[in-house]
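S.K.: Input: one structure, supplied below.
The values are calculated or read from the model by the stated rules, or taken from the named source; none is laboratory data. Quick caveat, the model's predicted, so the values are computed rather than measured. In this analysis, Cβ positions are derived from the backbone assuming ideal geometry, glycine residues included, and neighbour counts consider all displayed protein chains.
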């Protein structure tokens, strides 16, 4: 894009109209007009850099570092009842630290794009679970249970369909 702006500036310097520049560089007339205004005020130097595209972020990198420090302390240190981060909770921490309120969608964008975080889910395991007992049950008992016939005398792995129940009289 910088190359096209500079070509436009060169064309303006040679006396080309905005319409000619728009056609030659395949841009809109509005774009050519903006480039002409910039060229008129600042010359080719003004057309070199367009600056940053898009809106500026609401929180600075320094504020984001403070948010990351608060998040590193954990949810309970930030006043939440358990050690589980959610986007809503992180959004609350961001607002507390910076004074800027974000939706959960915007919060996720900040985490992913600016901090490089990824989504992680906690393993759902009971704290009381005895993994050795679970493994032994799955190895020894489950094959027996799986082969046990059901109440109608059929094996549990049977593919036969049940007859529809009749309605009570």
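S.K.: Would it be correct to say that residue 26 is loosely packed, with under 10 Cβ neighbours inside 10 Å, in the same structural domain as residue 12 (by TED's automatic domain parsing), at pLDDT below 90 and out of contact with any helix residue (DSSP H, G or I) (no Cβ under 8 Å at 6 or more places or on another chain)?
M.R.: No; evaluated as a whole, the condition is false for this residue.
S.K.: A further question follows. Determine whether segment 42-52 contains at least one residue that is touching a residue at least 40 places away in the same chain (Cβ under 8 Å), in a helix (DSSP H, G or I) and buried (at least 16 other Cβ atoms within 10 Å of the Cβ).
M.R.: Within segment 42-52, one or more residues are touching a residue at least 40 places away in the same chain (Cβ under 8 Å), in a helix (DSSP H, G or I) and buried (at least 16 other Cβ atoms within 10 Å of the Cβ).
S.K.: Then there is this: What helices (runs of 4 or more DSSP H) lie completely within segment 65-169 and have 1 or more residues being at pLDDT 85 or above, in contact with a helix residue (DSSP H, G or I) (Cβ under 8 Å, 6 or more places away or on another chain) and closer than 30 Å to residue 55 by Cβ?
M.R.: Those helices (runs of 4 or more DSSP H) span 87-98, 104-109.
S.K.: In segment 54-64, which residue that is part of a loop (DSSP other than H, G, I, E, B) and closer than 17 Å to residue 107 by Cβ is modelled with the lowest pLDDT?
M.R.: 55
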